[in-house]
1. Would you mind listing how long the range B:22-63 runs along its three principal axes, going by Cα atoms, in whole Å with the largest first?
2. Just order B:356-369, B:283-296, B:135-148 by mean Cβ neighbour count inside 10 Å, highest at the front, would you?
3. Report Rg/Rh for chain B, rounded to two decimals, where Rg is the Cα radius of gyration and Rh the Kirkwood radius.
4. Which value, in debye to the nearest 20, gives the size of the charge dipole of chain A about its Cα centre, when Lys and Arg are +1 and Asp and Glu are -1 at the Cβ?
5. Determine the total buried accessible area between chain A and chain B, counting protein heavy atoms only with a 1.4 Å probe; round to the nearest 100 Å².
6. Which residues belonging to the range A:50-73 lose at least 20 Å² of 1.4 Å-probe accessible area when the assembly is complete, relative to their chain isolated?
7. Work out which residues of the range B:453-475 lose at minimum 10 square angstrom of accessible surface when the other protein chains are put back, relative to the chain isolated, with a 1.4 angstrom probe, and list them by number.
8. Using only Cα atoms, figure out Rg for the range B:303-357 and give it as a multiple of 2.2 N^0.38 Å.
Amino acid sequence: MKKLLSIGLATLLASAGVTAVQAQDYPTRPIALINPYAAGGSADLIARTIAEYMGRTLGQPVVVENRTGAATAIAAAYVAHAAPDGYTILLAGSPTHVITPALNPAAGYNGIDDFAFVSAVASVPNVLVVSKESGITSIDELAEKALSAPDTVSYASVGSGSLPHLTALMFSQRIGAQMLHIPYAGVAPATVDILAGNVDTGFLNAPPLVAHIQSGDMIPLAVAATKRASLLPDVQTMGELGYGDYEMGTWYGVSAPAGTPADVIAKLDAAIAEALDNPEVQERLQQSGVDIFYKSTPEFIDFIKSDAETVLGLIETSGVEGAQ
Amino acid sequence: MDLFTNIALGFERALSLDALLFCFFGVTIGTFVGVLPGVGAMAAVALCLPITFYMDPTVALIMLAGIFYGAQYGSSTASILLNVPGTVTSAVTCLDGYPMAQQGKAGVALFMVTITSFIGGSIAIVLMMLFTPAVAAFALKFSSAEYFMIMALGLITAATIAPGSPLKSLIMVVVGLALGTVGTDSASGAMRFTFGILELSDGVSLVAIAMGLFGVAEIISSIGRDSGTPIDAKHVTFKSMLPSKAELKASVMPTLRGTGIGALIGALPGAGATVATFMAYAAEKKVAKDPSRFGKGAIEGVVAPEAANNSAVQAAFMPTLSLGIPGDALMAFLLGAMMIHGIVPGPRFLVDQPVMFWGLVASFWIGNVFLLILNIPLIGVWVRILTIPYKVLYPTMLFFICIGVFAINFQVFDVIAVLFFGFMGFIMIKFGYPPAPILLGFVLGPMMEEHFGRALLMSRGSFSIFWERPISAVLLVITLVMLILSAKSVIQHVRSGTRKVEEASLEL
């Protein structure tokens, strides 16, 4: 028994000694990529695709774990409190790092300080749509209608403080109108009500809407990004239409717990860059309407900071409960 | 004629070897995860999703869908035998299924459930073949005002479904409604009654409540009960499983009514199969000559919700495929699986992908046949579960419940929640408070609140939206009539002095 104990102790000590130099031969065991979203959606596709190809480069499998709940806070808090050794990483986004920590005091982590950022990966475009029943055919007409009287135009979102909510808020603030916010539990019910003409408009994730756009039941007015979406190449951006720059796509990246060694971050970043260079990965993502949105570590950090500034500014003026 | 060409096309695809094989694979997995309490189809589908990346998209969908509807067949097994619902949709089946099993008619109940599941599923598939394109237009007519009225109707008709005191039932509905308020308010984003607990910000887990109140409570209350061997294995003969002629006859209409209710509710993307089962049960209790039999092993109370459940699940594919609008998390998941394969369900899906759509629909029916063939012989096996001594069976059940609840979100909190509701359910049983109304209130409450708020947002605060929209107005009238009729019957009985308030309201 004593002997067993001492062997155990020795192993523990040895492994502690290894920690210091481990970064060089990282990774030596499978890496868990924590996905805050349920299996099946765009986020899951992005996570599984990059995990597979990162694993090939790193020589160790990257395993996707879906830990859903509390508007991504469950997953983010889990990664924030994990060991900073590069074996637990997060599928990051505005909700995990900016929106949820600002809105939910119980989130239990700081979206910026508790994380080391690796790289931005992909982005799902948000598109401004109206129903063909609405009679509106251009963003100018929509803006005009919105300006005619407060709350004339209603817009759907996927929840208070969600990106579709904040993007519409940004739009109404920039044109100086007041629009009526109608929150939904997800894109699906919001789509039904826009199609049926019960709600006028909304900035929603493009992929699930494409079928309705192609059938002519929904009219896309603009893409809320600085670049056009590969899924809807004919739809102009907000900037092209003269409504200013919007970088309000639903972006996804990878982050790790704060304190993760810089060379581990560099290895992960290189593996992500290599995966995104692969034509197979590009095809798989673009086929589902996801655009490549790669940003290396320093670019990603700058991007998060500016994203946080925009989003937090919007949250403050949004009147969403819990916003400080 | 076009329809027949399409159906032929579908069967041609669905009868190919790979489709048959994976259909069988899917429904078999489905049956088993359905039987295991707590372990839902969602977990199984999520596990199988990565495999499907390498499959033909039609075959992939056939398999994933098979897991989904297969689970509905298995889910009633544990409800009937052990009073532990396999999935939330079969919680209502506990009400009369378990009393049937206690009367030694477990085999009969399981047999009837399998047959009605098959009939309910098959009728829904036929409806699907005929009406899928029309459903898209139908579903678009339903918005928050209509959904609110459906939920209100459901709540009013089903509030007194549990046997025993109607007052206690109503109290439990209110408890359910109260539990439903926990979590993030959908309109404002405010946290309600979360007490700073992060895990509560999505509300209490429905599965934890269902498994706790029905399953764990049953296990706890069995402590100290006579633990002798309950059933001798020799008694489980095939003959004892066959229902009598009277039982068969009594099941025909409930099965058809249940199927109808299920298909209607299932075709609406915002309602869900659980609501359908409650409404089907309530409808049977309403039309029955002697409602007091319910809760004591009435066969109608078993077959109607099960038919509704299976037909709702099949019908739920209609809005998902024709509109691209998933009704619940599982449908959203299947939709996601299709999108991963580059297929976008929606108005063009039927036209652009006829082989896939009709192949899928045809495979549903083949899958239902597989399920029938698979489940009938399994009844004998399942009934033998009752021959396992409780001291072995119940800890095993508890183990599966905990694993199942944990597997949904990988959260220990949910395991604690299921145990908490287990103790709560135990205390409720002891004081004669029925658990089913809690579930009803909990499922309907948050949806009603959300739709009510949204309807008023849309109308800019005017209540007239509820009677200005035609479908909503019709539902409102039905709800009011139901309410007035029940009040009237109670008042009449009490006035004439024939019965006390308690007795009169028992028949609601």
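The values are calculated or read from the model by the stated rules, or taken from the named source; none is laboratory data. Quantities reported herein were computed from a predicted structural model and do not represent experimental measurements. Ideal geometry is used to build each Cβ from the backbone, glycine not excepted, and the neighbour counts take in all protein chains shown. Quick note on the areas: whole protein, heavy atoms, side chains included, nothing else; ligands and nucleic acids left out. Shrake-Rupley method; radii C 1.70, N 1.55, O 1.52, S 1.80 Å.
1. Principal-axis extents of the Cα atoms in the range B:22-63, largest first: 31, 18, 10 Å.
2. Details: B:356-369: 23.9, B:283-296: 16.9, B:135-148: 21.9.
Result, highest mean first: B:356-369, B:135-148, B:283-296.
3. On the way: Rg = 22.2 Å, Rh = 23.2 Å.
Ratio of gyration radius to Kirkwood radius: 0.96.
4. Value, rounded to 20: 1100 debye.
5. On the way: alone 14060 and 21350 Å², together 31930 Å².
Buried: approximately 3500 Å² between B and A.
6. The answer is A:Glu52, A:Asn66, A:Arg67, A:Thr68, A:Ala70.
7. B:Arg454, B:Leu457, B:Met458, B:Arg460, B:Arg469
8. Working: Rg = 12.3 Å, N = 55, 2.2 N^0.38 = 10.1 Å.
Rounded to two decimals, the normalised Rg is 1.22.
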